1. Setting aside same-chain residues fewer than 8 positions from Lys72, which aspartates and glutamates have a Cα under 18 Å from its Cα?
2. Which of Tyr32, Tyr24, Tyr40 ends up with the largest GNM mean-square fluctuation for the chain, with Cα atoms connected below 10 Å?
3. Placing unit charges on C-beta atoms (Lys and Arg positive, Asp and Glu negative, everything else neutral), compute the dipole magnitude of region 6-75 about its Cα centre in debye, rounded to 20.
4. Would you mind calculating the relative contact order of region 6-75 from Cα pairs under 8 angstrom and at least 6 residues apart, reporting the percent as a whole number?
5. Build a GNM of the chain with springs between Cα atoms under 10 Å: which of Glu39, Glu60, Glu26 gets the top mean-square fluctuation?
6. Would you work out which of Ser49, Ile75, Phe31 lies farthest towards the positive end of the dipole of the chain? Charges go on Cβ: Lys and Arg +1, Asp and Glu -1.
7. Normalized C-alpha radius of gyration of the chain, against 2.2 N^0.38 Å?
Amino acid sequence: MSKLPYTHPAEDFPGVPTGWTLTYNELSNNFYHVLHTSEYGPAVEKNGSDLEQPISRCVEDAKEIDKQLQVKKSIN
C-alpha cells in the first residue's frame, strides 16, 4: 500500500507565498515528489532525495510566478 501524500498550507513553511499549498510524497526511501499549487491555478513540481531541496526550489519558483502575475495584473 502506498503512502498518502502530505498536504500543508503555505503557513506551515517559512517563505512560501500566501495562497499556495504544498503537497509532498515519499516515492521511495528518501526520494520525494513535491507539488506546490497556487489558488490561482499555477503549479510547480520538483523531485529530490533531500526533502528540503525540492521544497526550497518550489518556493523560489512560486515566488517568481507570483512576481510575474503581479506584473501582468499591473499591466492590465
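1. Lys72 reaches Glu39, Asp61, Glu64.
2. In this elastic network of the chain, the residue with the biggest mean-square fluctuation among Tyr32, Tyr24, Tyr40 is Tyr40.
3. Numbers: 6 positive and 11 negative charges, 70 e Å.
The dipole of region 6-75 has a size of about 340 debye.
4. For region 6-75, the relative contact order is 23 percent.
5. Glu39
6. The residue sitting most towards the positive pole is Ile75.
7. So the chain has a normalised radius of gyration of 1.17.
Read-outs: derived from the displayed coordinates by stated rules, not from any lab. Bear in mind the structure is a predicted one, so any value in this text is a computation, not a measurement. So basically every Cβ, Gly included, is an ideal-geometry build from the backbone, and we count neighbours across all protein chains shown.
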